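Student: Please read through the structure below; I'll follow up with questions.
The values are calculated or read from the model by the stated rules, or taken from the named source; none is laboratory data. These numbers come from a predicted model, not from an experiment. Neighbour counts run over all protein chains shown; Cβ positions are idealised from the backbone, glycine included. All accessible areas refer to the heavy atoms of the entire protein, side chains included, with ligands and DNA or RNA removed. Shrake-Rupley method; radii C 1.70, N 1.55, O 1.52, S 1.80 Å.
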Amino acid sequence: MGAGRRTSRLKQRFGPEYTAAMTAHQGSKRNTERALLERERRLDAHPVQPPDPARAEQLARQWHDLQARFVDDPAAVLTEASAELEALLKDMGFPSDPEDRRTVLRFHSEDVLRCYEKAQGIAERAVDGMPSTEELREGFVNAKSVCESLIGANGVSSPDDQPARLASGRAR
């Protein structure tokens, strides 16, 4: 009975990652659950805290400024936005291990995880100049969405309380 509850709890907490772990461990439930329990201990050792209200306000202003500069140099702004997002995650206590970080983001919300992965993927491709301006815009919007989700609990909004719009411009 205890093993069944543990399995249910791990499946609920890790969602699709439970299935991926089963595949990685050649279907061994015992090895899968041992690995996930170890991962759970590591994750629980990283308490995630929202930024203090002053830092959240500063972040809102920074994102507003990044958005205003996007049209002039979308690739550079996305790179900067990605770095800001990574700094926020570090400040909040997210684990540095990419897999653990994704797991904690998924605990926050599947949408937040999807936006994070999309933003980071586009930002990585931007280093080589591969994405179009529209893809850069999409990456920036996703990174900003993650940031707003993470600091949203503090009731922070943009400095002028009106969302600025990004012009997609032409591909460079």
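Student: Residues of the chain: accessible area per residue at 1.4 Å, in Å²?
Tutor: That works out to 57 Å² per residue.
Student: Next question. Any aspartates and glutamates with Cα under 18 Å of the K90 Cα? List them, leaving off those in the same chain fewer than 8 positions away.
Tutor: The reachable aspartates and glutamates, counting only those whose Cα sits under 18 Å from K90, are D44, D52, E57, E80, E99, D100, E117, E148.
Student: Can you tell me the Rg and Dmax of region 73-123, counting just the alpha carbons, in angstroms?
Tutor: 11.0, 34
Student: If we sort 51-57, 61-67 on the protection proxy, mean other Cβ atoms within 10 Å, highest first, what's the order?
Tutor: 61-67, 51-57
Student: How far is helix 29-44 tilted, in degrees, relative to the longest principal axis of the Cα atoms in the chain, given as a value from 0 to 90 rounded to the nearest 10?
Tutor: With rounding to tens, the tilt is 50 degrees.
Student: What's the magnitude of the charge dipole for the chain around its Cα centre, counting Lys and Arg as +1 and Asp and Glu as -1 at the beta-carbon? Answer in Debye, nearest 20.
Tutor: Dipole magnitude for the chain comes out near 1020 debye.
Student: For region 1-40 and region 72-104, compute the distance between their C-alpha centroids and round to whole Å.
Tutor: 28
Student: Would you mind telling me the share, in percent, of accessible area of the chain contributed by carbon and sulfur at probe 1.4 angstrom?
Tutor: C and S fraction of accessible area: 50 percent.
Student: Which shape class, rounded, prolate or oblate, goes with region 50-136 when its Cα gyration tensor gives a ≥ b ≥ c as root eigenvalues, a/c under 1.5 marks rounded, and past that a/b bigger than b/c marks prolate?
Tutor: Since a/c reaches 1.5 but b/c is at least a/b, the shape of region 50-136 is classed as oblate.
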